[in-house]
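A short reminder: the numbers here are calculations on the coordinates, not readings from a lab. Every value quoted in this text rests on a predicted model; they were computed, and no experiment measured them. All Cβ positions, even for glycine, are placed from backbone atoms using ideal geometry, and neighbour counts span all protein chains on display.
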Amino acid sequence: MKLTKIISLGMAVLLALFALSCGSTGGAAGGGKGMSWDFSDPEAGTQGWQLARSEFYMYSGSVALNRDDATFGKGLLKLDVDFSGAKDFDWSEPKLFLDFPRAMNMRGLSFFNFDFYYNPSLRTEGSFSTKIFTNNNGILVDSSKAIPAGEAVSGTPYYKSEVSVMIMPTNGFMTDMRFSIVGNFTNYKGPVFIGNMRWE
């Protein structure tokens, strides 16, 4: 009887440790907990996010990607864009890409969410959309959404929009993704900021 109790206790401890490892922000070994990126660590920089220059669509303006914690007092991705040369295009798309440090289980995940900051005085026309995409390892995700106007951030010239992009539920493991801030008939020129990125 004592041996049975010891074995049962050991199994319970192992299961608890496994659950904790699956719940880390770095990824999901089981279903239901997606990767997230909050850019709070200065040493981590952009946390692996890079410009996918060879995959830009109808975009030829200057572009730069960095981590910034000075503008809002917290870590965010800073994407400097210039849509002025694409103001007559309904879809102008500089892209970012990320190769995951390990595969993410897509079971139970239906949304990609993030916070988006922009300065409306840096454009006189148009709007933004976003797109997420992957087609690798048997997983196909291709979803887009118009970014809402959002609300003013007190004490700054910026607006903040909380964006949630829904995907069709899928099974399998995602190994990389593309993420875009799309210009829709806009002449916006300047920085936009992205934070609190997460799969849920």
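Suppose the filter is closer than 18 Å to Ile194 by Cα and either part of a loop (DSSP other than H, G, I, E, B) or within 13 Å of the chain's Cα centre (by Cα) (or both); does Thr156 pass it? Quick ask: steps written out before the conclusion?
Working: closer than 18 Å to Ile194 by Cα: yes; either part of a loop (DSSP other than H, G, I, E, B) or within 13 Å of the chain's Cα centre (by Cα) (or both): yes.
Yes; evaluated as a whole, the condition is true for this residue.
Which of the numbered conditions does Arg107 fail, given that it passes all the others? Conditions: (1) closer than 17 Å to Arg198 by Cα; (2) assigned to a strand (DSSP E or B); (3) out of contact with any Phe, Trp or Tyr (no Cβ under 7 Å at 6 or more places or on another chain).
Failing condition for Arg107: (2).
Give me a count of the residues in segment 110-123 that are of a type outside the set (Phe, Trp, Tyr) and crowded, with 21+ Cβ neighbours inside 10 Å.
Looking only at that region, the number is 0.
Take segment 94-112 and flag every residue that is over 14 Å from the mean Cα position of the chain (by Cα) and of a type in the set (D, E, K, R).
Of everything in segment 94-112, those that are over 14 Å from the mean Cα position of the chain (by Cα) and of a type in the set (D, E, K, R) turn out to be Arg102, Arg107.
Before we move on, is Asp115 under 13 Å from the mean Cα position of the chain (by Cα), of a type in the set (Asp, Glu) and assigned to a strand (DSSP E or B)? Spell out how you get there, then give the answer.
Numbers: under 13 Å from the mean Cα position of the chain (by Cα): yes; of a type in the set (Asp, Glu): yes; assigned to a strand (DSSP E or B): yes.
Judged against the criteria, Asp115 is a match.
Quickly run through segment 134-148 and pick out the residues that are more than 11 Å from Met174 (Cβ to Cβ) and either crowded, with 18+ Cβ neighbours inside 10 Å or touching a Ser or Thr at 6+ places or on another chain (Cβ under 7 Å) (or both). Before you say what the answer is, go through the steps one by one.
The initial filter retains those residues of segment 134-148 that are more than 11 Å from Met174 (Cβ to Cβ), namely 142-148.
Result: Ser144, Lys145, Ala146, Ile147, Pro148.
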